[in-house]
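Computed from the coordinates by the stated procedures, all read-outs in this text should not be read as laboratory data. Keep in mind that this is a model prediction, so the values were computed, not measured. Here the Cβ positions follow ideal geometry from the backbone for every residue, glycine too, while neighbour counts run over all protein chains shown.
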């Protein structure tokens, strides 16, 4: 009389473990990709929201104890994960120092600004008096005004080369619209 064995053989066990590992790797790879795409999308929204936040801070006077506080939002490729807000009196000279720094925002982990209007930096000036922003970049520490209406930001996950891990954001100065 033969007994029916309910145990797995070694071969069956190895095949089962291999199939389980392959399925786990396939699911994790897709999850990681979508997680990184979401980081890029969140960073696009953060840049957009911060531009609007700087404008609203200038319109509403950031410091209620002072009159006519204008706000600058500063993007720099050398410090590509940080967006900085500066506040100045309307008629003062701009100095990028800690005294005038009011807030710093970070982009998502591993997400970088790769390009800003073919320059290394960009400052958007929101006057507390006029609604229209002014755009500048620094060339050898000299402030140069940008007359273009459209500024393009390129944002990517770990310097990816292709969509969807690399996305563009456009800021239109005359209408204060951000498109991504």
FRET efficiency (residue 140, residue 31; Cβ distance; R0 30 Å; to 0.05) is 0.05
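Would you mind ranking 9, 112 by Cβ crowding within 10 Å, fewest neighbours first?
Details: 9 9, 112 18.
So the residues, fewest neighbours to most, are 9, 112.
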Full-extension gain in nm, residue 20 to residue 98, via 0.36 nm per residue minus C-alpha separation = 22.7 nm
Among 153, 138, 88, determine the one that fluctuates most according to a GNM of the chain built with springs between C-alpha atoms less than 10 Å apart.
-> 138
Modelled label-to-label distance, residue 152 and residue 109, 7 Å Cα→beta-carbon offset: nm?
-> 3.2
Select one label from [x] 41, 16, 13; [y] 32, 18, 15; [z] 52, 16, 13: the one whose number is semi-axes √(5λ) of the Cα gyration tensor in Å as derived from the coordinates shown.
-> [z]
If R0 is 22 Å, what FRET efficiency do you get for residue 65 and residue 90 from their C-beta distance, rounded to 0.05?
-> 0.90
Counting only C-alpha contacts under 8 Å and six or more residues apart, can you give the relative contact order of region 94-139 as a whole percent?
-> 25
Please find, in a Gaussian network model of the chain (springs between Cα atoms separated by less than 10 Å), the residue of 110, 74, 162 whose mean-square fluctuation is greatest.
-> 162
Of 61, 72, 141, which is the most mobile in a GNM of the chain whose springs link Cα atoms less than 10 angstrom apart?
-> 141
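Could you tell me the relative contact order of region 82-180? Use alpha-carbon pairs under 8 Å, at least six residues apart, and round to a whole percent.
Values: 154 pairs, mean separation 21.4, N = 99.
Dividing the mean separation by the residue count of region 82-180 yields 22 percent.
Over the chain, what is the relative contact order in whole percent, taking alpha-carbon pairs under 8 Å and six or more residues apart? Intermediate results must be reported in sequence, preceding the final value.
Numbers: 290 pairs, mean separation 33.4, N = 180.
Worked out over the chain, it gives 19 percent.
Grab the DSSP H runs of the chain that are 4 residues or longer, score each as -39,500 (n - 2.57), total them, divide by all residues and round the 222 nm result to the nearest 500 deg cm²/dmol.
Values: 1 runs with 50 residues, N = 180.
Dividing the helical sum by the residues of the chain leaves -10500 deg cm²/dmol.
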